[in-house]
Structure formats: structure tokens, C-alpha cells
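Structure first, commentary second.
Taken together, the values in this text are just the output of simple stated rules run on the coordinates, not laboratory data. Just so we're clear, the structure is a prediction, and the values are computed from it rather than from any experiment. No Cβ is skipped: glycine too gets one built from the backbone with ideal geometry, and neighbour counts run over all protein chains shown.
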Amino acid sequence: MLAISSGRTVPKSATAVDIPVASDELDQLGADRKRIAELQGFEGEIGQTLVLAGATDQAIDVLVGLGARDDITVDTLRRAAAAFVRAVSGHKAVATTLAEQAGSLDASLVLRAIVEGLGLASYSYNEQKSKPTPATLRKATVVASGKGIKLAIDQGNASVAAVTLARDLVNRPGGSLLPAVFADIAKSVGTAAGLKVTVWDEKRIAKEKLGGLIGVNKGSTHPARFVTLSYTPKGNPTARLAFVGKGVTFDSGGLSLKTGLGMMSMKIDMGGAAAVLGAMTLLPILNAPVAVTAYLPLTDNMVNGDATRPGDVLTARNGTTIEVLNTDAEGRLILADALSLAAEAKPDAIIDIATLTGAVTAALGPKIAGVLGTDDVVAACEKAAAATSEPVWHLPLPADYRSMLDSKIADLRNIGTGPYGGALTAGLFLQEFTNGLPWAHIDLGVTASVDADDGINIVGGTGVGVRLLAELAASWGA
Ligand code: BES
Ligand code: ZN
Ligand code: ZN
């Protein structure tokens, strides 16, 4: 992993250093450099970089675009750092002066974002390579002076580690990341972060009547797990939150089997649980003022002679009976139990996050997650999402659509009637298990992974939701 630290000046070891340039300030480069920039098509846009030749005894200068000066945000600097680190990946040690571009922005948030940009854009997933190529770039220095630098850099590095954990989990093949393996990782990572971690095995899951989780797990050779992690702040908590994450370690669809193409990416289906786990590890270093308990139902969704059949009826933790008409709508079945458990503890708000529907991606495309729920908690999610630049869009929970979930033989059916509004009926289904508490549901759709490098993301798992949920807890009530 890239070692990122701060320094008052560019260290001698750095062989590349950036020159941040706003798109409306190219003149400041001087005539020669401006002409080179123009000839090379460098316009100072966000994401653009241009490596300039340098003398052998000097660090190489790299122009890094910032977009228009007046439009610079914390995220601009995060993305500029990501672009820079990509441009200099062939160097061993580099330095960035991006922190000097903060202007009136919060200096600590800027530092954290620059560390995130550097660390996240230099991520790579090597676990499955027989001969992993070690990264050339080992060290990055963020040039900065002033107060609070160490904490901001530490928080940035913790954020990189948490998102990296979530990405690694999403990228790991379904056959390797079995529920028990995920639970072991949650136990060790959570304990190391100072959280209290409980793991329920299949016997305990049966005793606790988690009928949705048991139903989804029925077709599997590998037993389910249910993980709880809790964080308690130092002083009196200002509120109590519950995080719930969908942890389907592989989604074949079950007997309502997916197509080959539809199944291909389904190792990502624990992206919600990975986001919650990553976020939980950040709460201590962010000094979040709220108490948070996280609930992670973990299973794969597989097929064998005993798999849940379309038409079978399951009884969720809260007693609601569910007619399973499509075994591929499995996420909501395990979330039903987890939300019921979360609601039993009567928290001030529940936030669940899940790769729940393809329908949300049909509506919002591959880079925006849907958020549904009660207005106050949805607003808190939108605010956190704006702060971390992990885009979400508010979708409705139309009361009029609730009847689409009426079952002829049980309390609820697990899919709506007809082909439309799948993200909304999924949300309406989950709402049945929140006991009327303030709640928001984040449907990630495919945003849990990307199919090409983009901004701070590297092909594969994005770790989306880690920073959003941590920010939500850290700024709750503010
Ligand atoms: N895990 C999928 C949703 C999904 C699909 C996430 C593609 C990311 C990318 C979920 O379990 C699922 O299969 N949902 C079905 C629901 C349908 C059967 C009502 C879907 O979206 O097609
Ligand atoms: Zn499914
Ligand atoms: Zn799924």
C-alpha cells in the first residue's frame, strides 16, 4: 500500500511533484509552459494531467488540472490527487502541493480528501495473481503546514484502509469469501478497531428465528452467519443508530436462476455489508458522537435439492410471513430479519445499504445510488453523500404501490406485480420490518463496482458507502 504522510516541503526523495492549474489560470504557467500545455491538449480540467520533462537533478513537474478556480471543492482536490497519482505511478516517491489550493475550504477536510485521492486511485487487487507485480510507487508526501495536519492525514489513511477493505471483500471471488470467512474477517477487523463483535452461527440463527436468512441459505452447502458490531463513543452518545448491510456473498438467483451474464458480477452482492464493516472501523478515529450497532446477515444464494422454491413461505424474525415468488429477490429476505433485529433495539434511526435491485440502476445509471425512507433520515443520507461525493438520489415510497406486495396466501409477497418500479416495491417491502422507526434504505445497484478505472475508483469494487456511512455517523445531528 502507498505510504502517505505530510511534510513541510517537497522531500529530496520525491522524483515527481505536481503543479496544480485551474482551467482559467493557464496564463500563470508562463508563456513556455502554457504553449506546451496547449500543444498537448492540457486545459486544466479536473482529471487532466501532463507530465513535463525536467532536468535530471530535479523532480519532474506534473501539471494537474483543477477546473475553474471558483468551482474548486473538496472533491475537486480528491479527484485531482487521484489523477496525479495515476500519472506518476512509475515513480517510487512523489509529492503533492494540492493542499495549498484549499482557499477557503476546510483545511482538514481537504487534507483528508487528498490522502483519499492518492490512496484510493493507487489501489490494486492482487490476491488472485500467481505473480503479483508490486507497485512501483511506495511513498507520497502531502506538502502542508499548519494545525491539525497529523489527525487529518491519519483520518485520510484510515479512510483509505476502510475503503480498501471493502473493495478487497467485493473483489474476492464468491467461492473464497464464504459467509464464515466474511464473519471471521469482521471479527478480527472489528476487534482491532475497538468494536464489540458478535458472530451467530447457524444454530444461533435458527434459535433467533431468522427465517428469511435461513430460507435464502437453504440451497447452500455453506452455513449462514449473522454478525453484529457495536461502537460506543467516549462520552454520552448523542443518539443511537443502526446500520444494516446486505451480505450475499454470491447471488446465483437460487432456483429463479440468473442468466450467465446476470450472474457474472454477483460476487459484489455483499457490497452493502462490506460498506458497513468499513464504515464501522472509521467511527473511533472520526470520534463519532453517536452509538452505532451494525447488523450483517451473511449467506450465499445457491441451488441444491433443498433450495427454497418459488411459492414457499418464510417467517421473518418479526413474525411476518413472506411468500417467496422469486428466489432472486433474496436480499430483502435477509434484510427483513436484520431490520427486525435492528428495530427491536429501538434506535433513533436505521440505515440499511444493499445491492438490492437492478431496477435502481435502470433508473439512475451506474454511478448513482437510490435512497428511500423517512424524510429526515433520507435528508441525513443526502447530506453525508454530498460531503463525501458518493452520489445518491431520493426515490419515493408510494403508498399506492404497497398493494403490489399483497400475497394471496401469506402476509407479503417478495416481489411486486408487473415489471415496473422494482426499486420502489423493494423499499416498500423493507419498510414492513422497520416497525415505523426513522429509516433510510440505500440501494447501491451496480455502484458497488465499476468496469473501468474512473476518478478515485479502480476497476472492480468501489467501496462505495464506507465514507458516506462514516460521515453520516460522525456528523449526525450537526
Ligand atoms: N443482487 C441482485 C440485484 C442486483 C442486480 C444488484 C444487478 C446489482 C446488479 C438482487 O438480489 C436481485 O437479483 N434482484 C432482482 C429482483 C427481482 C427478482 C424482483 C432484480 O433486480 O432483478
Ligand atoms: Zn438476487
Ligand atoms: Zn442479490
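Within the range 138-145, can one find any residue that is surrounded by 13 or more Cβ atoms within 10 Å (Cβ to Cβ), aliphatic (A, V, I, L, M) and either under 19 Å from Ala279 (Cβ atoms) or touching a Phe, Trp or Tyr at 6+ places or on another chain (Cβ under 8 Å) (or both)? It would help to see each step written out before you state the result.
In the first step, residues of the range 138-145 are kept if they are surrounded by 13 or more Cβ atoms within 10 Å (Cβ to Cβ); the result is 138-144.
If we keep only those that are aliphatic (A, V, I, L, M) as well, we get 140, 142-144.
Still in the list and also either under 19 Å from Ala279 (Cβ atoms) or touching a Phe, Trp or Tyr at 6+ places or on another chain (Cβ under 8 Å) (or both): none.
The answer is no, given that none of the residues of the range 138-145 is surrounded by 13 or more Cβ atoms within 10 Å (Cβ to Cβ), aliphatic (A, V, I, L, M) and either under 19 Å from Ala279 (Cβ atoms) or touching a Phe, Trp or Tyr at 6+ places or on another chain (Cβ under 8 Å) (or both).
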Requested in this report: Would you point out which residue out of Ala242, Ala288 is more than 16 Å from the chain's Cα centre (by Cα), more than 14 Å from ligand 3 (Cβ to nearest atom), part of a loop (DSSP other than H, G, I, E, B) and under 23 Å from Leu444 (Cβ atoms)?
Outcome: Ala288
Requested in this report: For Asp24, work out the one condition from (1) surrounded by fewer than 16 Cβ atoms within 10 Å (Cβ to Cβ); (2) more than 36 Å from the chain's Cα centre (by Cα) it doesn't fulfil.
Outcome: (2)
**Report entry** Cross-chain or 6+ apart pairs with Cβ under 7 Å, the range 342-353 first and more than 14 Å from Leu469 (Cβ to Cβ), then of a type in the set (Val, Ile, Thr) and not in a strand (DSSP E or B)
**Finding:** Ala343/Thr434
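Give the residues of the range 232-251 that are within 16 Å of ligand 2 (Cβ to nearest atom) and either surrounded by fewer than 24 Cβ atoms within 10 Å (Cβ to Cβ) or closer than 17 Å to Val199 by Cα (or both), sorted by residue number.
If we filter the range 232-251 for residues that are within 16 Å of ligand 2 (Cβ to nearest atom), which is where we start, we get 245-251.
Within the range 232-251, Gly245, Lys246, Gly247, Val248, Thr249, Phe250 qualify.
Only one residue in Leu325, Leu296, Leu335 is in a strand (DSSP E or B) and in contact (Cβ under 8 Å) with a residue 24 or more places away in the chain, so which one is that?
On the way: Leu325 fails: in a strand (DSSP E or B); Leu335 fails: in a strand (DSSP E or B).
Just one listed residue meets the conditions, Leu296.
With Gly272, Gly245 as the choices, which residue is within 16 Å of ligand 1 (Cβ to nearest atom), in contact with a Ser or Thr (Cβ under 7 Å, 6 or more places away or on another chain), closer than 28 Å to Leu286 by Cβ and among the small types (Gly, Ala, Ser)? Before the answer, list the steps.
Details: Gly245 fails: in contact with a Ser or Thr (Cβ under 7 Å, 6 or more places away or on another chain).
Exactly one residue qualifies, and that residue is Gly272.
Condition check ((1) aliphatic (A, V, I, L, M); (2) touching a strand residue (DSSP E or B) at 6+ places or on another chain (Cβ under 6 Å); (3) under 27 Å from Leu261 (Cβ atoms)) across all residues:
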| residue | (1), (2), (3) |
| --- | --- |
| Asn301 | no, yes, yes |
| Asn304 | no, no, yes |
| Ile322 | yes, yes, no |
| Thr327 | no, no, yes |
| Leu333 | yes, no, yes |
| Ala336 | yes, no, no |
| Pro366 | no, no, yes |
| Val371 | yes, yes, no |
| Asp375 | no, no, no |
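Looking only at strands (runs of 3 or more DSSP E) that fall completely inside the range 1-90, which ones have 2 or more residues that are among the β-branched types (Val, Ile, Thr) and under 18 Å from Val142 (Cα atoms)? Spell out how you get there, then give the answer.
Values: elements: 3-7, 16-21, 49-51, 60-65.
Those strands (runs of 3 or more DSSP E) span 16-21, 60-65.
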Requested in this report: Just give me the residues in the range 309-357 being of a type in the set (Val, Ile, Thr), under 21 Å from Cys381 (Cα atoms) and more than 15 Å from ligand 1 (Cβ to nearest atom), in sequence order.
Outcome: Ile350, Ile351
Query raised in the report: Quick one: what pairs do we get from the range 247-265, first residue farther than 18 Å from Ala224 by Cβ and of a type in the set (Gly, Ala, Ser), second more than 10 Å from ligand 1 (Cβ to nearest atom) and not in a helix (DSSP H, G or I), C-beta under 7 Å, 6+ apart or different chains?
Result: Ser256/Pro310
Report summary line: Over the range 100-116, the set of residues closer than 14 Å to Ala144 by Cβ and buried (at least 24 other Cβ atoms within 10 Å of the Cβ) is Val110, Leu111, Arg112, Ala113, Ile114, Val115
Report summary line: For the range 385-407 the number of residues that are in contact with a strand residue (DSSP E or B) (Cβ under 9 Å, 6 or more places away or on another chain) and in contact (Cβ under 8 Å) with a residue 12 or more places away in the chain is 12
